[in-house]
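Asker: Here it is, the structure, as structure tokens.
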Amino acid sequence: MAGTLSDATSVGAALIADARHRLVEGFPAQVRDCLERLDETQVWWRPHDAGNAVGNLVLHVCGSTRHFLGHIVGGHDYRRDRPAEFAEKGPVPRPDLFRLIDDTVEEVKEVLDGLDPARLLDLREVPREKPHTVLALVVRTSHHWAVHTGQIVYATKLLTQGGLGELWMRTM
């Protein structure tokens with residue numbers, strides 16, 4: 001038996017709610033926890049010249065989120081400079097990184113709280129890529145945070161004494 005529009009709307013609403021939880025509470029809390037444990041030197045430590053510092057990963061995931069969710073899905077006036085996210089050598093002070101995370105989270109809340117599940121299959125133009133559905137952009141953003149949060153947690157474990165425990169369980 002085929003699903004109903006009501007079923008699709010319920011699934012869409014559940015997906016948006018899950019993404020909102022991960023992008024507003026889960027991943028940002030893990031990143032904040034790591035930033036609180038690192039000093040300025042550790043935030044900008046690179047394993048080698050081609051590697052990325054924790055600070056770069058924060059700039060990158062926030063820039064990507066504001067571009068794909070804020071700008072493309074939400075229509076916000078954000079202009080991304082992706083090369084600058086990786087070129088930064090720091091130190092951008094930790095309070096500025098916390099503020100960037102907070103601003104990104106607020107933008108995510110606004111976009112996802114206003115997102116009608118019926119719009120999840122709408123297509124959006126993505127520069128230098130094929131068009132994506134809103135659904136794909138939401139899922140992409142959540143996965144992107146997962147990957148880079150994992151890198152930030154791993155770097156924090158390498159750079160600090162004492163464990164982070166099951167950080168992911170406390171925040172997801």
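Bear in mind that the values in this text are calculations on the coordinates, not laboratory data. Small disclaimer: the values here were computed from a predicted structure and weren't measured. Because the Cβ atoms are built from the backbone with ideal geometry, glycine has one as well, and the counts that use them run over all protein chains shown.
Asker: Mind giving me the nanometre distance, one decimal, between the label points for GLU129 and ARG37, set 7 Å out from Cα along Cα→Cβ?
Answerer: The two pseudo-label positions are separated by 3.0 nm.
Asker: Please get the size of the charge dipole for the chain, origin at its Cα centre, with Cβ charges of +1 on Lys and Arg and -1 on Asp and Glu, quoted in debye to the nearest 20.
Answerer: About 380 debye.
Asker: Suppose we take every Cα in the chain and form the convex hull; what volume per residue is that in Å³?
Answerer: Convex hull of Cα atoms, per residue: 129 Å³.
Asker: Another one. Find the relative contact order for the range 1-124 and round it to a whole percent, using C-alpha pairs within less than 8 Å whose residues are 6+ positions apart.
Answerer: Relative CO of the range 1-124 lands at 35 percent.
Asker: List the residues, sorted by chain then number, that are 5 or more residues from THR133 or on another chain and whose placed amide H is less than 5 Å from its amide H.
Answerer: For THR133, the qualifying residues are ARG124.
Asker: Another one. How high is the FRET efficiency from TYR154 to VAL11, r the C-beta distance, R0 35 Å, rounded to 0.05?
Answerer: Computed FRET efficiency for TYR154 and VAL11 comes out at 0.60.
Asker: Would you please state which residues of the range 68-86 a label at ASP116 would reach in this model, taking the label point 7 Å out along Cα→Cβ and a backbone N cut-off of under 11 Å?
Answerer: Under 11 Å, as judged by backbone N against the label point of ASP116, lies no residue of the range 68-86.
Asker: Would you calculate a helix-derived [θ] at 222 nm for the chain, using -39,500 (n - 2.57) for each DSSP H run of n ≥ 4 and dividing by the full residue count, to the nearest 500?
Answerer: Rounded to the nearest 500, the figure is -18000 deg cm²/dmol.
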